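The values are calculated or read from the model by the stated rules, or taken from the named source; none is laboratory data. Keep in mind that what you see is a predicted model, and the values were worked out from it rather than measured. Every residue, glycine as well, gets a Cβ built from its backbone with ideal geometry; the counts of neighbours run over all protein chains shown. With ligands, DNA and RNA removed, areas are computed over all heavy atoms of the protein, side chains included. Shrake-Rupley method; radii C 1.70, N 1.55, O 1.52, S 1.80 Å.
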Amino acid sequence: MRKLQTKKAAKSAVRPAKKSSPRAANANSILRDADQFLMPTYKRQPLIFTHGRGCYVFDSRGKKYLDFLGGIAVNALGHAHPRIVKVIRRESARAIHLSNLFHNSFQGPLARKLAQWSGMDRVFFSNSGAEAIEGALKLGRLYGRTSADAPGSPARKYRFLALENSFHGRTFGAVSVTATEKYRLPFAPLAPGVEFVRFNDVADLESKFDDTVCAILFETIQGEGGIHPVSEEFWNSARALATKNGALLIADEIQSGLGRTGRHFAYQKFSSKPDVVTIAKPLAAGLPLGAILTSEAVAQKVSPGLHGTTFGGGPLACATALEFLNIIEDEKLLENIRARGAELREGLSALATKFPFIREIRGEGLMIGIELSVDGAPFVQQALLKGLLINCTHDFTLRLLPPYLVNRAQVRQFLRLFEQLFATTPQKAASPEPAKTAPPSHAALAAAR
Ligand SMILES: Cc1ncc(COP(=O)(O)O)c(C=O)c1O
């Protein structure tokens, strides 16, 4: 009976809008309202998505799309996973919000599970990735402050190191450690004390690291910057320098964490751990939830009142996140991510032999970037027409972030569509300088050694 109800719940949650429904009939008026009343922060496609199921989404005209963008790494379980639908239905009828002045049933158990997955000791829940970054930056300053620093005046140890080509979010602190000029320059002057290190450049890192640095922060795999993994050499050097100088190593795993690479966290391929990890995106299967994970030593610097949030860690989001992590384990999704990721890379490598404008394929698990020597935007447009969702980052890199439960047939479907796309999309003239602000390609780095 219970099973039946769950199935029914999942079905009703994904029922397409009827042709005559106000949603379908009013598509134009919805777009007009958006045009007139929303702030113009996005160049949105003139499409209204109404619902999804598994690895597919549907627009208001009923057109079906294979979703290899996954809400930019959020929809790791695709859409309308029956267990997620069931938890949200159950818990939303019990308590959506309870103040952080009290305990709820899910924060503690979720924090325990995240600590087990990450090797960290303590957790703070936020609402978004940028909010997790803000908290991590505050922890850096807190950790760097000693009793010799006068309260209210700058600590001696206050500098942040971040990486060129980084992206950490849109809030003021997060944009201050984001290197891309178009995101930062309009808001200058930004938070003081930030310096950027050249990507994977150990010599540059060493020249900028001293005991005035309170934290070094970087994405283990740069996402918005075009899917660039930090090298083992760079990671080891950053870890050693942070330890030597009493600074924090903060790993931004907002896009690469929680299974995306086929490991719980991307940094787990290295032999050492960070001091602080930021996560968000897929954590609550589409509900807004982020977190800062820290070592015990970092958490000991915090006392009640120093940091907080109204919504972060609410019972509905935490119950859903706990279910998300359990589903990854129960459905053995890390194995699926590794297997499907390998099939994708193999198929893409075969395409690269046919289409010379494919420069490089990067990434791990189901976080893949395909760098082109031509403009990527026309391919994204053509993909939409063919019923495929992908995106282009840094102008020349097509980015794939499919759900963790993508199956073999869907990978094959994707590769077929992708090949048609490459064969039929008119290409804009090859750019002599493809990734102007991105790091040099790995092939170029290897050749330069
Ligand atoms: C690596 C990384 N850090 C931080 C953020 C910011 O997260 P949010 O958009 O949830 O604030 C993002 C978002 O794309 C990201 O990819």
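What to note about this one:
- Test result for ARG184, among the charged types (D, E, K, R) and within 30 Å of ALA284 (Cα to Cα): yes
- Test: residue in the range 202-218 that is crowded, with 24+ Cβ neighbours inside 10 Å and part of a loop (DSSP other than H, G, I, E, B): no
Okay, residues lined up against (1) over 21 Å from PRO154 (Cβ atoms); (2) more than 16 Å from the ligand (Cβ to nearest atom); (3) in contact (Cβ under 8 Å) with a residue 60 or more places away in the chain:
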{"position": "ARG170", "(1), (2), (3)": "yes, no, no"}
{"position": "VAL175", "(1), (2), (3)": "no, no, no"}
{"position": "PRO186", "(1), (2), (3)": "yes, yes, no"}
{"position": "ALA191", "(1), (2), (3)": "no, no, no"}
{"position": "VAL197", "(1), (2), (3)": "yes, yes, no"}
{"position": "GLU206", "(1), (2), (3)": "yes, yes, no"}
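- All helices (runs of 4 or more DSSP H) inside the range 372-449 with 1 or more residues being out of contact with any Phe, Trp or Tyr (no Cβ under 7 Å at 6 or more places or on another chain), modelled with pLDDT under 85 and of a type outside the set (Ser, Thr, Tyr): 442-448
- Residue satisfying condition, being farther than 30 Å from ARG94 by Cα and open to solvent by 10 Å² or more (accessible area, probe 1.4 Å), within set VAL374, VAL302: VAL302
- Pairs, first closer than 17 Å to GLU253 by Cβ in the range 60-79, second of a type outside the set (S, T, N, Q) and open to solvent by 40 Å² or more (accessible area, probe 1.4 Å), C-beta under 6 Å, six or more apart: ALA73/LYS281; VAL74/LYS281; VAL74/GLY286
- All of (1) surrounded by fewer than 21 Cβ atoms within 10 Å (Cβ to Cβ); (2) under 21 Å from the mean Cα position of the chain (by Cα); (3) under 30 Å from THR424 (Cα atoms) hold for PHE270 with one exception: (3).
- Just one of the listed residues (THR243, THR294) is away from the ligand (no atom under 16 Å from the Cβ), crowded, with 24+ Cβ neighbours inside 10 Å and either free of Cβ contacts under 8 Å to residues at least 40 places away in the same chain or β-branched (Val, Ile, Thr) (or both), namely THR294.
- Subset tally (residues that are among the hydrophobic types (A, V, I, L, M, F, W, C) and under 17 Å from LEU139 (Cα atoms)) for the range 224-253: 6
- Filtering the range 217-239 for residues that are away from the ligand (no atom under 16 Å from the Cβ) and touching a Lys or Arg at 6+ places or on another chain (Cβ under 6 Å) leaves an empty set.
- Conditions (1) within 15 Å of the ligand (Cβ to nearest atom); (2) surrounded by fewer than 23 Cβ atoms within 10 Å (Cβ to Cβ); (3) without any contact (Cβ under 8 Å) to a residue 60 or more places away in the chain; (4) closer than 26 Å to ALA203 by Cβ; number of the one not met by GLU164: (3)
- Checking GLY226, GLY193, GLY152, GLY144 one by one, the residue that is at positive phi and touching a Cys at 6+ places or on another chain (Cβ under 9 Å) is GLY193 and no other.
- Of all residues in the range 246-263 being in a loop (DSSP other than H, G, I, E, B) and under 17 Å from GLY129 (Cα atoms), the one that is farthest from the ligand (Cβ to nearest atom): GLY259
- Counting the residues of the range 222-245 that are of a type outside the set (S, T, N, Q), part of a strand (DSSP E or B) and touching a His at 6+ places or on another chain (Cβ under 7 Å) gives 0.
- The listed residue being among the aromatic types (Phe, Trp, Tyr) and open to solvent by 20 Å² or more (accessible area, probe 1.4 Å), out of PHE234, PHE187, PHE265: PHE187
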